[in-house]
Amino acid sequence: MSTKTAEGVAGVEDGSVFDPGAPYRCSPQVSLRPEPFGALVYHFGTRKLSFLKTLPLVAVVKGLESHPDVHSAIEAAGVEEAQRPAYLKALAGLAASGTIEPR
């Protein structure tokens, strides 16, 4: 679960902070399998299976590695301005679960 801090950056359950102004990547312990709806996500460390429910979210997660920050990856994926807060919330959840990590 994520919460908002005074700065508007989501804190995650392990006490770390998801900072969309920082560089992230998909964890090397994670495998993404493309599906028509988005992707299946398997974390080899936790053995947890989850889903990315949209193709643009898959594009953002895959693009994190090649962008200087999360905001740039979201913009490059063509996510509309009005949808960006929902994507940041989803990415904070992915950070909390270990699917994405700071680099």
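The values are calculated or read from the model by the stated rules, or taken from the named source; none is laboratory data. Given the structure is predicted, the values throughout are model-derived calculations rather than measurements. No Cβ is skipped: glycine too gets one built from the backbone with ideal geometry, and neighbour counts run over all protein chains shown. The area values use the complete protein model at the heavy-atom level, side chains included, leaving out ligands, DNA and RNA. Shrake-Rupley method; radii C 1.70, N 1.55, O 1.52, S 1.80 Å.
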For LYS48 and ARG103 in one chain, what is 0.36 nm times their gap in residues minus the Cα-Cα distance, to one decimal in nm?
17.6 nm
Sketch the reach of a paramagnetic label on GLN29 as a point 7 Å from Cα along Cα-to-Cβ, and name the residues of segment 41-59 whose backbone nitrogen lies under 15 Å away.
42-50
Tell me the per residue accessible area of segment 24-102 using a 1.4 Å probe; a whole number in Å² is fine.
56 Å²
Distance between modelled label sites at LYS89 and SER72, nm, 7 Å Cα→Cβ extension:
2.7 nm
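Viscosity 1.306 mPa s, temperature 10 °C: what is the translational diffusion coefficient of segment 24-102 from Stokes-Einstein with a Kirkwood Rh over Cα pairs, rounded to a whole number of µm²/s?
Numbers: Rh = 12.4 Å.
Rounded, D is 128 µm²/s.
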Counting only protein heavy atoms, what percent of the accessible surface of segment 24-102 is carbon or sulfur at a 1.4 Å probe?
57 percent
